[in-house]
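Q: Please see the structure below; I have some questions.
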Amino acid sequence: MQSSVQRSYEDAKQLYAKHGIDVDAVLESLANIKISMHCWQGDDVRGFLNRDQDLTGGISVTGNYPGAARTPEELRADLEKAFSLIPGKHKVNLHAIYADTEEKVELDRLEPKHFEKWVAWAKEQGLGLDFNPTCFSHELSKDGFTLSHPDPKIRRFWIDHCKASRKIGAYFGEQLGQTCVTNVWVPDGFKDVPADRLAPRQRLKSALDEVFAEELNPAHNLDAVESKLFGLGSEAYVVGSHEFYMGYGLQNNKLICLDAGHFHPTETISGKLSSLSLFTDGILLHVSRPMRWDSDHVVTMDDELLDIAKELVQGDLLGKTHIGLDFFDASINRVAAWVIGTRNTIKALMRAMLVPADALKRAELEGDYTTRLALTEEFKMYPFGAVWDYYCEKSGVPVREEWLAEVKAYEREVLSERGE
C-alpha cells in the first residue's frame, strides 16, 4: 500500500509531466549533486590547533548556545547526525585548524598525516573532503595581513602554509577518489584609506604565484581563490578584491569563489554566474545569507538562493560548479543550522529543476513575455513540496519537520552533556 507521501508524489508527477518534466529523472540528477558542508558551524570556527586564540580576520560568531564541539570526535559525531537528516551523499569542508593530531604543529608545517583520522572517517561515511588554509586567528595574522604582508618572513610563513594546504587537499582527493577543492581566502586589508593600493596587491600576486607553482593532479586537487568587499578591520580596502581575484583566476586557471556575503549588500552573486561561466572551467560557490553585511546567517530558501539555483540549473552550470556552505550561528542548535541550510540548498536546486525551462526560454526567444511571466508565476504554486517529501522518504531521512525531533533528542542526550 502506498504511503500518503507516495500518493502525493504520484499526483505531483502527473502535473509536472504535462509540461514535459520527468520528476523521476530530476531526483536522479539531484542525488548526484554534492554539497560541501562546512565543519566550522559545529564549533564556532575555533578548530583544534590554536583553540585559545581570539578570532581575527573579521571572523565574528555571536551566541553561546550549549553543545559546541570541543574535540574532533565530537565534531565528527555532530556531522554524522546532521548528514543522517539530509538526503544524498555529500562532502565536508575543513579548515587547516581542524587537524586531528596530538602533535604540536604550526600551520606552515602541516602534513597529510595530521588529517589521517579525517580521511579514515570520510571513507567510512562515503563522504568527500574539501580544504582551506587558515589565514586568520593566529599570532602572525593579528595585524590584518598574511600573504600580502610587507614583512617577508611573515609572508613566507603564510606562503608555506598555503603550499602545505594544497598538498593536504591533493591527499584528500587521492585517498577518497573525489576531487578536493582547496580554497584560498586571506583577510588582508586596511581599516582606513591606504596610501598605496598597488603594493599590497603586487605582494599578494607574487605570493600566490609561489603558492601555486607546483603542479598538482587536477583529479585530486582544484585550487580556488576567494574575494571580499570589506570586513571588520578592513573596511576601507581589501587586498584580495573581486577584481583582483577575477583577474588572477582567469589568468592562472583557478576556480573563482563567489561568496554570497562578500559583495555589496545590494549586490547578488546569482547574476554573476552566467558571465563567469563563459570564461572559466569551473566556479566555486559559498552559499551564505548576508544580512546587511557579511553576517553569515543560516541559509534560508530566500529569493537569492532560488535565483542561484535557477542560474545553475537553467544555465547547465551544475557540472562545473562546486557548491559549499559558509555560515556560523552560535545562537541556535548548531546541528540544526547545518540541517536547515543544507536541506534548503538542495531543495532550491530541486525546485529549479521542476520548472519548464525550455518552454520559458522558447517563449522569451519568441518575444512572448506574457507566457514567460504567467508560467513563472504559476509554477511557484506547483507541488514541489510533495516531490521533496518523497525524495526524503526515498533517501531514508525524515520528512518535513520530523528531523527537528531527532535534533532535539540529540541535544538532550549528547549536546547538553558537554561542558565548556
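Only the coordinates and a few stated rules stand behind these numbers; no lab work does. It should be emphasised that the depicted structure is a prediction, and the values quoted were computed from it without experimental measurement. All Cβ positions, glycine included, derive from the backbone under ideal geometry; neighbour counts span all protein chains shown.
Q: Report, by chain and number, residues whose modeled amide H sits under 5 Å from the one on residue 130, excluding near sequence neighbours (fewer than 5 apart, same chain).
A: 92, 93, 94
Q: Here's something else I'd like to know. Quick one: Karplus J couplings for the range 237-247, per residue in order, coefficients 6.51, -1.76, 1.60, θ = phi - 60°, nearest Hz, x for Gly and Pro?
A: Rounded to whole hertz, the list is 7, 10, 4, x, 6, 4, 5, 4, 6, 4, x.
Q: Another question about this same structure. When ranked by the protection proxy of mean other Cβ atoms within 10 Å per residue, highest first, what sequence do the peptides 408-419, 259-270 form?
A: 259-270, 408-419
Q: Using the eigenvalues of the Cα gyration tensor, what equivalent ellipsoid semi-axes result for the range 331-420 when each is taken as the square root of five times the eigenvalue, whole Å, largest first?
A: Output for the range 331-420: semi-axes of 40, 13, 9 Å.
Q: Straight-line reach only, C-alpha to C-alpha below 18 angstrom: list the lysines that residue 408 could link to, leaving out same-chain residues fewer than 8 apart.
A: Cα-Cα hits under 18 Å: 81.
Q: So, one more: Near the amide H of residue 284, under 5 Å away, which other amide H atoms are found, from residues 5 or more places off or on another chain, if H is placed in the peptide plane?
A: 256, 257, 258, 322
Q: Follow-up question, since we're still on this one. Roughly how big is the range 89-161's charge dipole about its Cα centre, with Cβ charges of +1 (Lys, Arg) and -1 (Asp, Glu), in debye to the nearest 20?
A: 200 debye
Q: So what J values fall out for the range 364-372 if you push phi through Karplus, 6.51 cos²θ - 1.76 cosθ + 1.60 with θ = phi - 60°, rounded to Hz, Gly and Pro as x?
A: Couplings: 5, 5, 8, x, 8, 6, 5, 5, 4 Hz.
Q: A further question on this structure: What aspartates and glutamates sit close enough to residue 34 to cross-link, taking a C-alpha to C-alpha distance under 14 Å and skipping anything fewer than 8 places away on the same chain?
A: Within the straight-line limit of under 14 Å, residue 34 reaches these aspartates and glutamates: 130.
Q: At 0.36 nm per residue, and after removing the present C-alpha to C-alpha distance, how many nm does the segment from residue 236 to residue 399 gain when stretched out fully?
A: Gain in length upon complete extension: 54.0 nm.
Q: Kindly write out, for the range 271-279 in residue order, the coupling ³J(HN,Hα) from the Karplus curve 6.51 cos²θ - 1.76 cosθ + 1.60 (θ = phi - 60°), rounded to whole Hz, with x marking Gly and Pro.
A: Karplus values, whole Hz, x for Gly and Pro: x, 8, 5, 5, 5, 4, 5, 6, 10.
Q: Using only helices, what value at 222 nm comes out for the chain when you add -39,500 (n - 2.57) per DSSP H run of length 4 or more and divide by the total residues, to the nearest 500 deg cm²/dmol?
A: -13000 deg cm²/dmol
Q: Amide H to amide H under 5 Å from residue 221: which residues, 5+ apart in sequence or cross-chain, H placed 1.01 Å off N in plane?
A: Under 5 Å from the amide H of residue 221 lie the amide H atoms of 180, each far enough along the sequence or on another chain.
Q: Additional query: If you look at just the Cα atoms of the range 55-144, how large are its Rg and its Dmax in Å?
A: 14.7, 43
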